[in-house]
Amino acid sequence: MNQHSQQPIIVWFRRDLRISDNAALYHATLRARPIIPLFIFDTDIINSLSSDGAAFNFQAECLQDLNEGLQRIGGRLFCRKGKALQVHAKLIQEASPSAIFYNRDYEPHARDRDRAVEQLYRSHGIEVQSFKDHVVHEPEEVLTLQNRPYSIFTPYMKAWKSLPVQSPFPTPAKITVAPVESCGILNAHDLHKQVTIPRPLCRGGETQAKKVWEQFIRTSLASYSSNRNIPSIKGTSRLSPYIRFGCIAVRTLYRDLLALKSIPIEAFLNELIWREFYQSVMYHFPDVLTASYKRAFDTLPWNTDTEFLHRWRSGHTGVPLVDAGMRELNQTGWLHNRVRMVVASFLTKQLFIHWKQGEEYFESKLLDIETASNNGGWQWAASTGVDPKPLRIFNPELQAQKFDPEGVYIKTYVPELQNVPLQHLFAPHRMSLDEQHRCGCIIGKTYPRPIVDHRLASEKFKKAYMQLLR
Ligand SMILES: Cc1cc2nc3c(=O)[nH]c(=O)nc-3n(C[C@H](O)[C@H](O)[C@H](O)COP(=O)(O)OP(=O)(O)OC[C@H]3O[C@@H](n4cnc5c(N)ncnc54)[C@H](O)[C@@H]3O)c2cc1C
């Protein structure tokens, strides 16, 4: 073997913390060269991200599992901390790589960073290869006949489904690494990130992701369309943190779904497509990250009352389903989709607080924080985004009656309401004083009075919204 063939390939892991069905890793191993499996604790990201320490611990668990996976095939993970460009400049000097391979990221700041990194490597005559991996179909692939991006989900979904899908990439059987110095895997404590979430939803890592997916297929996929809106049961996959960190590939999910001949998969598949739709919206309309897609709605007379915002964040609004949801988020770093929609609608359309405030709070708490989906979800809930629908304002009381009819979810997260009879559970403030005493829940003392009147608040929002539409 000549010296040139020993020049390593850097495989830069980012949102793809797994060894199975990993496009960049697989393609690097085809070259039969030593590999430097690299993860960078990017200080630009760490310093700008408001995420809770629990998300950094989740990431550390993913990296630990990735390292173990790499060890099983003869390798290991090398970590560095610093600004991405500087880390790469140093590695070029130290390791004289022949190439760098990575999977593409569609967030605007990541695209800027990757352009700079690519330029750096090319300026040293080093090959750069990037791959599609975070999505089944990239934003540039799902376009209208006029080559324009979609802003409405249904035609996007139809176009998405009409495209051929890449099969999963095999897990490499063996790799050889070119060792470099490593700072080791850093967790929240090492990165000086405070952990406020006491009971994170799940542990990170490819091994866990696979188990969660297999169990979901075995126990819940068949009933997904009927159970997916019930927050008290495990009716959805709870894969979102794993998908976010790339512990499982969406190609693999798609392949596994298609193999299930006797189980209806459409409802679940459509949710995966919603995720890619929002990636596409962020890619083609990056301004949505700083302003409403429908700009005029930024001029609504949004409420800047911090007391309301604080009550919403902590789950003390006096509206049981909203409070249960916010407390689930604060305790586990995750929230059921139905309840995400309810709390988001409540913040924007009842408290009249700008969706940006909610988006930021979710960013600080969610383990599955995905900029595109979070932004898309918030703008959808606030009716300021793409895919226009007639204005709809969720009534949290009716939502609770419909989706938590026995009050199991509410009682799990709002223990003050434990003994409130079911007929009053969704609006406990309507109990008489006698009833309050009988169940030990005194409104205004044990549990707050609702901070807004649903009907009045809805009318106010509707009026302001409709005025802008005219
Ligand atoms: C206000 C708001 C904010 C949100 N923020 C995020 C976020 O930061 N990260 C995130 O992954 N999802 C976000 N969602 C979408 C959705 O709530 C979560 O993906 C879902 O609750 C995750 O649970 P699950 O894995 O059990 O989902 P499942 O129902 O099992 O769905 C499977 C996968 O499909 C994707 N998915 C499902 N629903 C949606 C959706 N509506 N939009 C985009 N992707 C979807 C997720 O990757 C999910 O893991 C948000 C929704 C709203 C209304």
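The values are calculated or read from the model by the stated rules, or taken from the named source; none is laboratory data. From a predicted model like this one, the values you see are computed outputs, not experimental measurements. FYI the Cβ positions are ideal-geometry reconstructions off the backbone, even for glycines, and counts take in every protein chain you see. Note: areas computed on protein heavy atoms with side chains; ligands, DNA, RNA excluded. Shrake-Rupley method; radii C 1.70, N 1.55, O 1.52, S 1.80 Å.
Observations on the structure shown:
- Model label zone, GLN401; criterion: amide N under 19 Å from point 7 Å along Cα-to-beta-carbon; scope the stretch 413-451: 420-432, 450
- Projected-area mean, the stretch 3-133, by convex hull of Cα positions, square nanometres: 7.8 nm²
- Heavy-atom accessible area for TRP12, with the other protein chains in place and a 1.4 Å probe, reaches approximately 10 Å².
- Listed residues LYS161, LYS389, LYS445 arranged by accessible area, highest first, probe 1.4 Å: LYS445, LYS389, LYS161
- The stretch 3-133, relative contact order in percent, only Cα pairs under 8 angstrom and at least six apart counted: 35 percent
- Computed log₁₀ I(q)/I(0) - Debye formula, equal Cα scatterers, no solvent, the stretch 132-240, q 0.21, 0.22, 0.23 Å⁻¹: -1.19, -1.21, -1.23
- Scanning residues 5 or more positions from GLY205 or on other chains, those with amide H under 5 Å from its amide H are CYS62, with H placed 1.01 Å from N in the peptide plane.
- Between ARG295 and LYS174, the modelled labels are 6.0 nm apart [label points 7 Å from Cα along Cα→Cβ].
- Taking all protein chains as shown and a probe of 1.4 angstrom, LYS193 keeps an accessible surface of around 40 Å².
- Solvent-accessible surface of the stretch 225-305, averaged per residue with a 1.4 angstrom probe and all protein chains in place: 42 square angstrom.
- Applying the Karplus relation 6.51 cos²θ - 1.76 cosθ + 1.60 with θ = phi - 60° to the stretch 176-182 yields 3J(HN,Hα) values of 10, 9, 9, x, 9, 5, 9 Hz, where x marks Gly and Pro.
- Electrostatic tally near ASN229: other residues with Cβ closer than 11 Å to its Cβ, Lys and Arg +1, Asp and Glu -1, net +2.
- For the chain, the Kirkwood radius over C-alpha pairs fed into Stokes-Einstein at 10 °C and 1.306 mPa s yields D = 66 µm² per second.
- Modelled spin-label separation between GLU68 and GLU140, with each label point placed 7 Å from Cα along the Cα-to-Cβ direction: 3.8 nm.
- Straight-line cross-link reach from LYS365 at under 23 Å between alpha-carbon atoms covers these lysines, not counting any fewer than eight positions away in the same chain: LYS193, LYS234, LYS349, LYS356, LYS411.
- Rolling a 1.4 Å probe over the protein heavy atoms leaves THR384 with an accessible area of roughly 0 Å².
- Taking 7 Å steps out from each Cα toward its Cβ at ILE46 and GLN6 produces label points 3.3 nm apart.
- Sparsely packed loop sites in the stretch 389-463 (the GluC sites (Glu not before Pro) outside DSSP H, G, I, E and B with at most 11 other Cβ atoms within 10 Å) comprise GLU406.
- Apportionment of accessible area to carbon and sulfur, the chain, percent (1.4 Å): 52 percent
- In this structure, the amide hydrogen of VAL177, modeled 1.01 Å from its nitrogen in the peptide plane, lies closer than 5 angstrom to those of ILE35, counting only residues at least 5 positions away or on a different chain.
- Residues ASP112, ASP256, ordered by accessible area of protein heavy atoms at a 1.4 angstrom probe radius and largest first, appear as ASP112, ASP256.
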